[in-house]
Amino acid sequence: MLGKLCATTAVCSGVGTVSLQSLAAAASSATAKPEFPAAGPVPEYDWTKHRWAFGVDSTRCIGCLRCVEACKVENHVPFNPQNFRTWVERYVYLEGEDKPRVDTQADPVNIAAAASPQDYRFSNRYRDQKVTKSFFVPKLCNHCENPACVQVCPVGATYKTPDGVVLIDEKYCIGCRYCVQACPYGARYFNEETQTTDKCTWCYHRITKGLKPACVEVCPVQARVFGDLNDPASDISVFVKSHPINVLKPWTGNGPHVFYHGIDGEVS
Amino acid sequence: MGALMQISDYLVSPFSGYVYPNETVLPWSVLIVIYPYITGLVAGAFIVSSLFHTFHMESFRPVARLALLSAFAFLCFAPVALLSHLGHPERALEAIWTAHWTSAFAAFGYVAGFYGILLVLEIWFAFRVDIVALSQTSKGLMRPVYQLLTLGSTDVSEPALAYDRKWTQVLAAVGIGAAAGLHGYVGFVFASLKSREWWSSDLMPIIFILSAIVSGVAVLVLVYGVSSKIRKTPIDEQCMVGLAKVLWAFLIVTIVVETLEYVEMFYRRLEGIDMIKRLIAGPISTGVAIQAVFSLLPFVILSALLARQVRGKALIGWMSFSSVLLMCAVLAMRWNVVIGGQELSKTAKGILTYIPAIWGREGVVWAGGLFCCSFVFLWALARLLPPWEPAHMSE
């Protein structure tokens, strides 16, 4: 069973267990896929030459939420508290409690603490209680190896590119929201403006020009790491080589490609 | 700013515990409750029709053709609920022309289309003799309509009628599988999603088929009763007893399988069971209570009716009462599945409470209106092809 999971997720589920061979195999299998021509949708960008991946260092994240704001602006995500391509979860363990209290910037208390709907912050709601442990966990689409969202789309409007990114063709999406249901990570939402599903693209319009995703660009503490697994010197390659990492919900068999460091078993 | 906000047609759902931010607007609304509900009515009505056409159970003769028209009316309106829900209904046919075959939903157009064609063919064969008669006796605008509906086949000799009966029998037999397949498939659309703990059950397609048949037979009892009342014609008691037996048989299996589903869930106590308990005790508590009580009570009534061989007005009254309860029970079951599944957060740490919009595309009024429209359409169909003249049907 574990072997099966490892094979599909590229990284074994246990913290600290990294299968770089699996990562390399995933990378090479992507580049070897013959059905993808080198000329992708972006001119002068060969999507068969890359294997993008994302890392999250939870031990670094300070919950400043600049990433959330940058994503909203960069990708024209509706400025309401229900639609996010990325968000940040706060896990707080209070003294005497064995389960964490979890909230995000979209929690009503945190929304109330913000100055406006375009402004995001975590309220200092636990200031009068003894906190034994706390950490922040940035979340986003996991751009899975075997994405359930791609599997269930009845028209094939959502698809996986050879460079490892799951995209949505909004000119083709019928807006049935089956993919929203299928994503175990809650990464997709229905965009009322376009009447189609939307989600994180790792800022595909930026990365295909050699830029970093907006959330990575603005992160002041490098809690978000992005790069090409085909490049051993890239930030992401170094990150997965030098940290014990984990993926979310490995039992789904989706094979997430966002690698987490510093999270515990309560994060799902 | 509170958690409860309005986004166009949608109401943002209040929640307790932790839910993903994008979950606070439920992707599937009351329209997707109505969709499998109406689809289910098709299956039940069709099964009754097939009991007569395929298995020659004479007691169902009075409702056999009414059941066919009912099945067709509901089949026409089930996709309307789905279409209304789509963000881009104008692209809906892409799911047929360029179906993405790994999707559990990709085959719906084909399955429903196949079933629709089969139903139209069976209706045509079952009503052909009437169509021919009406093409000769009707006046005005309807005459050419009926002439067109004959498709040029006006032979009503005994060999021709025998040919009609043969085809009706074959189509009805194939249709039993298609009806069960269609609704089992709808159950599979939910059950195949591993992301939703509440849906991801092997028993889901079976429960969908069984409850569909129960609701379909129940709606047929009501349609038959009401139409007889309107037409001031007596209700055939033997037919009602036959329907009671069918209802009883499918109901007992449905209750057993649904109970097994709950027992298995609670006995296994898998991770997330605490949230499931909160879901059942919380947002869907009323729905679960309706589903249980409105299933068990009709079962007791039907058992008593059959055991005591009740006849006359009492039989019709209690059957109608049981049917209303069962239709509510199956609607509650659909609600508990579709809405309940989404109220249980994917985080396994929180519960949402869906508040349906009243107006708008995803509102209760529109969904209820669509459901009512299927009955109006059935009324129009029954005007076009009167199903209550068994004199024309020779079995």
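Give me the Debye-computed log₁₀ of I(q)/I(0) at q = 0.09, 0.11, 0.12 Å⁻¹ for the protein assembly as shown, equal point scatterers on Cα only, no solvent, two decimals. Treating every Cα as an identical point scatterer, log10 I(q)/I(0) equals -0.81, -1.07, -1.21. Each Lys or Arg adds one and each Asp or Glu takes one away; over the other residues whose Cβ falls under 11 Å from the Cβ of A:N75, this sums to +2.
For chain B, with a Gaussian network of springs between Cα atoms less than 10 Å apart, report the residue from B:C372, B:C328, B:C76 with the top mean-square fluctuation. Comparing B:C372, B:C328, B:C76 in the GNM, the peak value goes to B:C372.
In this structure, the residue pairs whose Cα-Cα separation is over 31 Å, taken from A:K160/B:K346; A:K209/B:K194; A:K212/A:K249; B:K166/B:K229, are A:K209/B:K194; B:K166/B:K229.
Which of A:L140, A:L94, A:L65 moves most in a GNM of chain A, Cα contacts under 10 Å? The residue with the greatest mean-square fluctuation here is A:L94.
Label-to-label distance for B:Y267 and B:E237 is 4.4 nm, based on points extended 7 Å past Cα in the beta-carbon direction.
Along the axis of the charge dipole computed for the range B:46-145 (Cβ charges of +1 for Lys and Arg, -1 for Asp and Glu, origin at the Cα centre), the listed residues B:S70, B:A81, B:I96 are led at the positive end by B:S70. When only the Cβ of Lys, Arg, Asp and Glu is charged (+1, +1, -1, -1), the dipole of the protein assembly as shown relative to its Cα centre reaches about 740 debye.
Ordering B:L352, B:F127, B:T137 by the projection of their Cα atoms onto the charge dipole of the range B:26-386, which places +1 on the Cβ of Lys and Arg and -1 on the Cβ of Asp and Glu, puts B:T137 at the extreme positive end. Between A:Y93, A:P81, A:T59, the Cα set farthest toward the positive side of the dipole of chain A (charges on each charged residue's Cβ, about the Cα centre) is that of A:Y93. Taking the Cα centre of chain B as origin and assigning +1 to Lys and Arg Cβ atoms and -1 to Asp and Glu Cβ atoms, the resulting dipole is close to 640 debye. By the count of other C-beta atoms within 10 Å, a proxy for reagent exposure, B:L182, B:L306, B:L331 are ordered fewest to most as B:L306, B:L331, B:L182. Between the range A:197-268 and the range B:17-88, the C-alpha centres lie 44 angstrom from each other. In terms of surrounding Cβ atoms within a 10 Å radius of their Cβ, B:M319, B:M57 rank from fewest to most as B:M57, B:M319.
Quarter the surface of the alpha carbon convex hull of chain A and you get the mean projected area, 14.6 square nanometres. Taking the C-alpha atoms only, the angle from helix B:61-85 to the longest principal axis of chain B is near 40 degrees. Taking the inverse of the mean 1/r over every pair of distinct Cα atoms in chain B gives a Kirkwood hydrodynamic radius of 22.2 Å.
Note on the range B:45-166: Cα Rg divided by 2.2 N^0.38 Å, N the number of residues, gives 1.31.
The chymotrypsin sites (Phe, Trp or Tyr not before Pro) of the range B:319-369 that DSSP puts in a loop, and whose beta carbon has at most 16 other beta carbons within 10 Å, are B:W359. Whole-Hz Karplus values for the range B:357-372 come out as 6, 7, 9, x, 4, 9, x, 5, 4, 5, 5, x, x, 4, 4, 5 Hz, taken residue by residue from phi with 6.51 cos²θ - 1.76 cosθ + 1.60 and θ = phi - 60°; glycine and proline positions read x. Rounded to the nearest 20 debye, the dipole size of chain A about its Cα centre is 240 debye, using +1 on the Cβ of Lys and Arg and -1 on the Cβ of Asp and Glu. Using the Cβ-Cβ distance between B:V145 and B:V170 with R0 set to 35 Å, the FRET efficiency from 1/(1 + (r/R0)^6) comes to roughly 0.80. Which one, A:A114, A:A148, A:A223, has the greatest fluctuation when you compute a Gaussian network model over chain A with C-alpha springs under 10 angstrom? Judging by the Gaussian network model, the answer is A:A114. A DSSP coil position with no more than 14 other Cβ atoms inside 10 Å describes the following GluC sites (Glu not before Pro) in the range A:63-107: A:E95, A:E97. For B:K349, give me every one of the aspartates and glutamates with a C-alpha distance below 19 angstrom, ignoring sequence neighbours fewer than eight places off in its own chain. Once the sequence-local aspartates and glutamates are set aside, what remains near B:K349 is A:E89, A:E97, A:D98, A:D103, A:D107, A:D264, A:E266, B:E23, B:E197, B:E271, B:D274.
No lab work stands behind these numbers, since they all come straight from the coordinates. Note that the structure is predicted; figures quoted are calculated from it, not measured. Ideal geometry is used to build each Cβ from the backbone, glycine not excepted, and the neighbour counts take in all protein chains shown.
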